[in-house]
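Worksheet: the structure to be examined is printed underneath.
The values are calculated or read from the model by the stated rules, or taken from the named source; none is laboratory data. Please read all numbers here as calculations on a predicted model, not as lab measurements. Virtual Cβ from ideal backbone geometry, glycine too; neighbours counted across all protein chains shown. The accessibility values were calculated without ligands, DNA or RNA, using every heavy atom of the protein model including side chains. Shrake-Rupley method; radii C 1.70, N 1.55, O 1.52, S 1.80 Å.
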Amino acid sequence: AIAVARSSPRPFPQSTHDTATTMSVPPVSVVMTTHNHEAFVADAVRSVLQQTWPNLQIVISDDGSTDATWDIVQDVLGQYTGPHRVHAQRHPTNIGAPRNLQSVVDAATGKLQVLAHGDDIAFPHRVETIARLWRCTGASLISHNAVLASGPDQPSKLLRDVQPDEQLSLLDVSA
């Protein structure tokens, strides 16, 4: 998974929970692409809706799924009453992964964009951890690895152990 910054960072409080309003933290966008992810998409969408970053926009784009993916996205979003700004769009036919990704990037307004897919399930502090790392380092690109994986009708399996002090990998491509 990756996150891409659109502008240079500024220092910020140690925790977003120390701030009084969402205006004191930069806007971040989660950009999620979906295509035929009906087995996973409900959990994937719920996981981005549960993010702890207070100034969050979520943009979801379905690439003409031929299964129930889009209906499931709409059902999950229809039940959402939380604080995040959400925009969902659907392409009537499959336009391909690159164009679908470009459509969510174009719709995103955050200074930092965090990429997600319709089969990705994120820990609740994923966006906050990435955003804090970005704010502290000024990195243009932040990358991290998956912890769990599963397939259709398969249980999740741990890909690797997570260490208590684990931090996200960092690659600064701004130079």
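Given a 1.4 Å probe and heavy atoms of the protein chains only, how would you sort T34, T66, T137, T109, largest accessible area at the top? All intermediate terms of the calculation are to be shown ahead of the outcome.
On the way: T34 5, T66 120, T137 60, T109 90 Å².
Final ranking, largest accessible area leading: T66, T109, T137, T34.
For the pair Q89/D43, report the inter-label distance in nm, with labels modelled 7 Å from Cα in the Cβ direction.
2.9 nm
At 0.36 nm per residue, and after removing the present C-alpha to C-alpha distance, how many nm does the segment from Y80 to R99 gain when stretched out fully? Don't skip to the end; give the middle numbers.
Numbers: separation 19, 0.36 × 19 = 6.84 nm, distance 2.73 nm.
Here the segment from Y80 to R99 would lengthen by 4.1 nm.
Using θ = phi - 60° and the Karplus relation 6.51 cos²θ - 1.76 cosθ + 1.60, list the HN-Hα couplings for region 116-121 in order, rounded to whole Hz, with x at every Gly or Pro.
Working through the residues one at a time gives 9, 10, x, 10, 9, 10 Hz.
In terms of modelled amide H atoms, which long-range or inter-chain residues lie less than 5 Å from the amide H of I60?
Correct list: M32, H87, A88, Q89.
For a quick check of understanding: with a 1.4 angstrom probe and all protein chains in place, what accessible area in square angstrom does E38 have, to the nearest ten?
That residue has around 90 Å² of solvent-accessible surface.
Write down the Å³ per residue value for the convex hull defined by the alpha carbon atoms of region 56-130. Walk me through the intermediate numbers first.
Details: hull volume 7.6 nm³, N = 75.
Cα convex hull per residue, to the nearest whole number: 101 Å³.
Using only protein heavy atoms and a 1.4 Å probe, report how much of L115 is accessible, in Å² to the nearest 10.
Rounded to the nearest 10, the figure is 30 Å².
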